[in-house]
1. I'd like the full set of residues that are more than 12 Å from the chain's Cα centre (by Cα) and closer than 13 Å to A:GLY284 by Cα, limited to the stretch A:146-168.
2. Among the numbered criteria (1) within 17 Å of the chain's Cα centre (by Cα); (2) at pLDDT 95 or above, which single criterion is violated by A:GLU178?
3. Is the stretch B:114-127 home to any residue that is in contact with a His (Cβ under 8 Å, 6 or more places away or on another chain), crowded, with 16+ Cβ neighbours inside 10 Å and not hydrophobic (A, V, I, L, M, F, W, C)?
4. Condition test on A:GLY27, is it crowded, with 24+ Cβ neighbours inside 10 Å and either out of contact with any Asp or Glu (no Cβ under 8 Å at 6 or more places or on another chain) or at pLDDT 95 or above (or both)?
5. Restricting attention to helices (runs of 4 or more DSSP H) lying wholly within the stretch A:39-129, give those where 3 or more residues are closer than 30 Å to A:LYS218 by Cβ and more than 15 Å from the chain's Cα centre (by Cα).
6. What number goes with the only condition from (1) loosely packed, with under 15 Cβ neighbours inside 10 Å; (2) in a strand (DSSP E or B) that B:PHE9 does not pass?
7. Residues that are open to solvent by 10 Å² or more (accessible area, probe 1.4 Å), within 13 Å of the chain's Cα centre (by Cα) and farther than 20 Å from B:ALA91 by Cα: does the stretch B:152-164 have at least one?
8. So which helices (runs of 4 or more DSSP H) stay within the stretch B:77-189 end to end and still have 1 or more residues that are without any contact (Cβ under 8 Å) to a residue 24 or more places away in the chain?
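The values are calculated or read from the model by the stated rules, or taken from the named source; none is laboratory data. This one's a predicted model, so the numbers in the text were calculated from it and none came from an experiment. All Cβ positions, glycine included, derive from the backbone under ideal geometry; neighbour counts span all protein chains shown. To get the accessible areas, we keep the full protein, side chains included, count just its heavy atoms, and leave off ligands, DNA and RNA. Shrake-Rupley method; radii C 1.70, N 1.55, O 1.52, S 1.80 Å.
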Amino acid sequence: MSKAVLMQGNEAAVEGAIAAGMRVFAGYPITPSTEIAEQSSLRLPQVGGHFIQMEDEISSIAAVLGASAAGVKAMTATSGPGFSLMQENLGYGAMAEIPCVIVDVQRAGPSTGLPTSPAQADYMQARWGTHGDHPVIALSPSSVLETYTLIIRAFNLSEKYRTPVIFLMDEIVGHMREGVELPNPNNLIINQRKPSFHDGANKQCYYVPDGQYVPAMKPFGRGERYNITGLAHDESGFPTNNTQVAGKLVSRLLAKVEDNVDDIVRVEEYAMDDAETAIVCFGGTTRAVMSAVLEARAAGKKVGMFRPITVWPFPEKQLKARLPQLRNILMAEHNHGQMLLEVQRIVNDGTPVSFLGKVDGTVITPAEILAKLQEMEV
Amino acid sequence: MSNRYEMRFAGSGGQGVILASVIMAEAAVIAGLKTVQSQAYGPEARGGVSKAETVVSKEQIWYSKVTLPNFLLALTQASLNTYTKTLAEGAVVMMDDSLDCPAYLDPGRVIAIPILRTAKEKVGKAFTANIVAVGAINAALQLFTDEELMEAVKRHIPAGTEEINRKALDAGKELITPEQAAAFVHHLG
């Protein structure tokens, strides 16, 4: 008998999160993410963790930030409407440098839209949903197994850079079941909390040594007293109106991601070595694209797949490296053209970019991709 | 995509067609096959059209959805009428025999059996209809062994309900004649 088990994407998110050390989940269930809350409520008490159902999504992310500040790895899960409500506190998490993972299982919008149908139209919201210049890391899985391994990475990056990480799923992957053999989590690198106190020197809570990006994290409410705020603050954590200090802070927050893209960005490429056409996709769309690429290859066409696993920051360097060999690019995504804007910005009119999108809650089929390639005369 | 075997399960929300689809996928995993299972349904918990899909293959499955099913289970007239319009060539249609079979279907590829009545009268619980269906499907297609199927059922039912579910599975199996089993057996490519 096979050792594999049938598992849903949403369940794999919970198992991966627990393997990564999540011990608090606070959320407000919403389709198509509900199974994440449900499974967390079942699993967390088994591992000594806590599940809290909050009154809404604003309080959900507030509870997650509070738990994380106090020293526990924490996560919430939602879909588009709830993700909108979380935006203000997401920015708070970025400013106060509180690690956490926010899962958004995307469904068709806008507003409450089509609750049970897939979309990928929160891609830009993940980047620009909260106000102000802020760092963003967002990862997007395309299979049940990858949901498990990648959410562990989401926690790792969140810890390493002390910033909220958005785990951008979609209904396709969240509600999909596949047979998986989960890897031993001990073989995956799981970051530990940074040392609670700075060695020896009586440094302030947001002190960052020269040449480094991230302050050590002290659990709030234990030992030393310090201040956490969404206002611009100095190294003590207390608010300041000093523009020099504020400018230095925001620049450092942005540099945490900008200066470390090589560490953060991951891409999957398939059949790209000799490809003259690249189909760019992410998340659940990848499944249809892979089927189409295999069929196109079988017909002798030089088509490859380029998939950002890290969707924010967009893998700019990796796509640029492919441009000299490409005659054209097809962007396929379940929205009206969002990652398309990133691709167009990077290509900068150098390579023709075509687009295949959907906004009706249905799933792009391999046949539609092949028809689009034909239209592009590939 | 010739190695894919695409199955669609359709009915009314609450009939358990999603669970039927999940159990077939679980059996595939137990049998060491590749599988992807998914579903589509409205926001309501009961009623409305419910559709679930299981793709089975010996090879890696990329596209997760069914496009042209090789097999269709339909438990309501609405789902039978809707989903018989997009079938693969030679597809097998299993329907409850209380429904009117569309005239355009090849009668040689239709299995009309009393799934709902068997659950209610023979097993004694109407809600076991999905398990009766699973038993009948596997008796016809023979994708999995009886042991693999029973293990798959066990993984998805509450403890203490094994006996009634085994009864439902057997009752479903008995709805398929040896002639039907010989005609509809499917060997995965």
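1. Passing the criteria: only A:GLU146.
2. Condition not satisfied by A:GLU178: (1).
3. Taking the stretch B:114-127 first, the residues in contact with a His (Cβ under 8 Å, 6 or more places away or on another chain) are none.
No, the stretch B:114-127 has no match at all.
4. Numbers: crowded, with 24+ Cβ neighbours inside 10 Å: yes; either out of contact with any Asp or Glu (no Cβ under 8 Å at 6 or more places or on another chain) or at pLDDT 95 or above (or both): yes.
When the stated conditions are applied, A:GLY27 passes them.
5. Numbers: elements: A:57-69, A:80-96, A:123-128.
Fully inside the stretch A:39-129 and qualifying: A:57-69, A:80-96.
6. If we test B:PHE9 against (1) loosely packed, with under 15 Cβ neighbours inside 10 Å; (2) in a strand (DSSP E or B), just (1) comes out false.
7. The initial filter retains those residues of the stretch B:152-164 that are open to solvent by 10 Å² or more (accessible area, probe 1.4 Å), namely B:154-164.
Those still in the list that are within 13 Å of the chain's Cα centre (by Cα) too: none.
Checked against the condition, which is being open to solvent by 10 Å² or more (accessible area, probe 1.4 Å), within 13 Å of the chain's Cα centre (by Cα) and farther than 20 Å from B:ALA91 by Cα, the stretch B:152-164 yields no hits at all.
8. Values: elements: B:77-83, B:129-141, B:146-154, B:162-174, B:178-184.
So the answer is B:77-83, B:146-154, B:162-174, B:178-184.
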